[in-house]
Amino acid sequence: MSPRPALLPVNHPLSYHEYSLSESAAEPGAQDGTKKSNSKPSSELAQPRTLEDMVRYLYEHQQITDLLNEYAYVLDVCMVDHRAIEKWTDLFTEDCDVTFPFGNHKGKDGLAKWCVPAAPTIFRMLHASSNFTITFDPDSENVAHARTVLHAVCGIDEHDLGKTFQEGGYYYWSFRRNGGEWKISYLFLDVNWTSGDSLGLNDPGATERQP
């Protein structure tokens, strides 16, 4: 097995590979260590100044937090009832770009059929997300990005609750708002540790198996 970096180089504004290590990252107005444009943000959500903007920031931040929490719960439900996958895919934009360790899929069309066969041997899952970092795009009030920590415990035996596989890593997200509702437009899961036998969950080609 060829070695892989502890953190994959993800093309995302909240990936450490995208961080500016120069003095410009420490300039006033630079937040989260990410590269910042010298131009004034056109989105007040990216840099709220007035009390009204701050309230709007908190509201939209919570809307995205709720979306991420719903994603985690519905994905857990999918392990119990595969029919819930349609509710899961409704959390994505039509042109979404989704990458898991087993492959990449572009577009909401076919996303459910692509994802379900990857986990035929998981009977239950506790999919915990934490360390939410959410930022708003400086050039659009309808675009946001996030980074979250994943810790998933997967039950791989239908009856024995003690037989589990665990994994952890980082999710990188982007979101787009349409009609007041945020949807997931980009998802990249970097699994950087595992424990136990995944039974092929993260293997390339896992989506080609039949459920």
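The values are calculated or read from the model by the stated rules, or taken from the named source; none is laboratory data. None of these values were measured; they are calculated from a predicted model. Cβ atoms come from the backbone with ideal geometry, glycine included; neighbour counts cover every protein chain shown.
Pick from segment 50-93 the residues that are without any contact (Cβ under 8 Å) to a residue 40 or more places away in the chain and outside any helix (DSSP H, G or I): which of them is nearest to the chain's Cα centre (by Cα)? My answer is 90. For residue 116, the criteria (1) touching a residue at least 40 places away in the same chain (Cβ under 8 Å); (2) out of contact with any helix residue (DSSP H, G or I) (no Cβ under 6 Å at 6 or more places or on another chain); (3) in a helix (DSSP H, G or I) hold in every case but one, which is (2). Scanning for something modelled with pLDDT of 80 or more and either more than 24 Å from residue 143 (Cβ to Cβ) or β-branched (Val, Ile, Thr) (or both), does segment 45-53 turn up at least one residue? Within segment 45-53, one or more residues are modelled with pLDDT of 80 or more and either more than 24 Å from residue 143 (Cβ to Cβ) or β-branched (Val, Ile, Thr) (or both). Pairs linking a residue in segment 158-183 that is within 17 Å of residue 136 (Cα to Cα) and touching a residue at least 24 places away in the same chain (Cβ under 8 Å) to a residue that is of a type in the set (S, T, N, Q) and not in a strand (DSSP E or B), with Cβ atoms under 8 Å and 6 or more positions apart or on different chains, are 172/15; 176/142; 177/142; 178/142; 182/63. For segment 177-211, residues that are within 24 Å of residue 94 (Cα to Cα), at pLDDT 80 or above and not charged (D, E, K, R) total 10.
Kindly evaluate residue 146 against the criterion of being over 16 Å from residue 196 (Cα atoms) and either among the acidic types (Asp, Glu) or surrounded by fewer than 18 Cβ atoms within 10 Å (Cβ to Cβ) (or both).
For residue 146, the condition - over 16 Å from residue 196 (Cα atoms) and either among the acidic types (Asp, Glu) or surrounded by fewer than 18 Cβ atoms within 10 Å (Cβ to Cβ) (or both) - is not met.
When you scan segment 158-174, do you find a residue that is under 19 Å from residue 62 (Cα atoms), loosely packed, with under 15 Cβ neighbours inside 10 Å and at pLDDT below 95, even just one? Break it down into steps so the answer makes sense when it comes.
Of the residues in segment 158-174, the ones under 19 Å from residue 62 (Cα atoms) are 171-174.
Of the ones still in play, those that are also loosely packed, with under 15 Cβ neighbours inside 10 Å are none.
No, that holds for no residue.
Taking the numbered list (1) in contact with a His (Cβ under 6 Å, 6 or more places away or on another chain); (2) under 26 Å from residue 198 (Cα atoms); (3) hydrophobic (A, V, I, L, M, F, W, C) in turn, residue 134 passes all entries but (2). Among the residues of segment 158-209, those identified as more than 22 Å from residue 108 (Cα to Cα), part of a strand (DSSP E or B) and among the small types (Gly, Ala, Ser) are 168, 169, 195.
From the list 84, 112, 128, 118, which one is touching a Cys at 6+ places or on another chain (Cβ under 6 Å), at pLDDT below 95 and among the small types (Gly, Ala, Ser)? Just a single option satisfies the conditions, and that option is 84.
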